[in-house]
Amino acid sequence: MLFTLIELQRLKGLERTGWMLRGIAAGAESVASHSYGVAVAAMLLADELIARGVEVDMERVLRVALLHDWAEVRVGDMPRTATNYFGAETRRRAERAAFREIVGSLEAKGIAEKYDALHEDYEERASLEARVVKAADVIDLLVQTLAFERAGVRGLDEFWEGIEERHLGLDGIAGEVLGEILRQLVEERRRVIETMKDER
């Protein structure tokens, strides 16, 4: 367990590459910071679904959220553009292999297999809980984008393109809740943009 903890500690200093590629200064957000944001968003989203009568395994949601980016400690935070060069399947295989190695040294009986199954679930979006975490991943990205835009950063429009139409594999009540959140984010961004225009 100790060696896994020591390795995962590096996520605290691993920069989110997408922000650096867009000229945002180093230190803006680490992978660990993002993972925390995803866990919080996933918990809030899952609680909202539970309050509306959807059965959600909260422990599974939180476990998946916490481990969804562990592979990045070995393969780095690859931006979306990287997939254009070597393909989504190659990226997925690399991340899965890295994840298996990271958890492979855990000695508690069955724990490596349990974590690996959770990571595979996230990658495949097989369960509702994995899809909730993916939705939380996008929500956290948009909240961070909004925070940068509020601070005056420009040129982040690409993150918002088509966002209101995304359902991320969630349907029924879960899809409705996600749609509400995305619409609220887009509306808040409109207000931020309008305020900035008025201040010029």
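Just so you know, all these numbers are worked out from the coordinates, no wet-lab data involved. The structure displayed is predicted, hence computed values, not measured ones. Cβ placement follows ideal geometry from the backbone for every residue including glycine, while neighbour counts extend to all protein chains displayed.
Just want the ordering: 16, 191, from fewest to most Cβ atoms lying within 10 Å of their own Cβ.
Fewest-to-most ranking of 16, 191: 191, 16.
Treating each Cα of region 16-64 as an identical point scatterer and ignoring solvent, apply the Debye formula and state log10 I(q)/I(0) at q = 0.17, 0.20, 0.25, 0.30 Å⁻¹.
For the requested q values the scattering log ratios are -0.60, -0.69, -0.84, -1.04.
Classify region 102-188 from the C-alpha gyration tensor, please: rounded if a/c falls under 1.5, else prolate or oblate depending on whether a/b exceeds b/c.
On the way: a/c = 3.47, a/b = 1.77, b/c = 1.96.
Cα axes put region 102-188 in the oblate bin.
Calculated FRET efficiency, residue 191 and residue 105, Cβ-Cβ r, R0 41 Å, to nearest 0.05? Walk me through the numbers on the way to the answer.
On the way: r = 49 Å, r/R0 = 1.18.
Computed FRET efficiency for residue 191 and residue 105 comes out at 0.25.
Quick one: order 45, 156 by neighbouring beta-carbon count within 10 Å, fewest to most.
Lowest count first: 156, 45.
Using the alpha-carbon atoms, what tilt in degrees (0 to 90, nearest 10) does helix 88-104 show relative to the longest principal axis of the chain?
Approximately 50 degrees, to the nearest 10.
Give the calculated FRET efficiency between residue 50 and residue 117 to the nearest 0.05, with a Förster radius of 25 Å applied to their Cβ-Cβ distance.
For R0 = 25 Å, the calculated efficiency reads 0.65.
Would you kindly state the longest site-free stretch of the chain, with sites defined as GluC sites (Glu not before Pro) in a DSSP loop (not H, G, I, E, B) surrounded by at most 13 other Cβ atoms within 10 Å? Don't jump to the answer; show the numbers that get you there.
Details: sites that count: 55, 107, 161.
In the chain, the maximal stretch lacking such sites is 1-54.
Who wins for biggest fluctuation among 108, 25, 88 in a Gaussian network model of the chain, springs between alpha carbons below 10 Å?
Checking each option, the largest mean-square fluctuation is seen for 108.
Debye sum, Cα scatterers, region 32-96, no solvent: what log₁₀ I/I(0) at q = 0.28 1/Å?
Here log10 of I(q) over I(0) equals -1.11.
If each of residue 180 and residue 80 carries a label point 7 Å out from its Cα toward its Cβ, how far apart are those two points in nm?
Between residue 180 and residue 80, the label points sit 2.6 nm apart.
Rounded to the nearest 500 deg cm²/dmol, what is the calculated helix-only ellipticity per residue at 222 nm for the chain, with -39500 (n - 2.57) per DSSP H run of length n ≥ 4? Mind showing how you got there, number by number?
Numbers: 10 runs with 137 residues, N = 200.
It comes out at -22000 deg cm²/dmol, rounded to the nearest 500.
Which value, in Å³ per residue, describes the convex hull spanned by the Cα atoms of region 2-199?
Given the Cα convex hull of region 2-199, per-residue volume reads 122 Å³.
I'd like the trypsin sites (Lys or Arg not before Pro) in region 107-153 restricted to DSSP loop residues with at most 14 other Cβ atoms within 10 Å, sorted by number. Walk me through the numbers on the way to the answer.
Working: sites: 109, 114, 125, 131, 134, 150; in loops: 109, 125.
For trypsin sites (Lys or Arg not before Pro) across region 107-153 that sit outside H, G, I, E and B with at most 14 neighbouring Cβ atoms in 10 Å, the list reads 109.
Name the residue, out of 33, 127, 105, whose mean-square fluctuation peaks in a Gaussian network model built on the chain with Cα pairs under 10 Å.
105
Label 7 Å along Cα→Cβ of residue 7; region 51-81 residues with amide nitrogen under 14 Å?
69-76, by backbone N distance to the label point.
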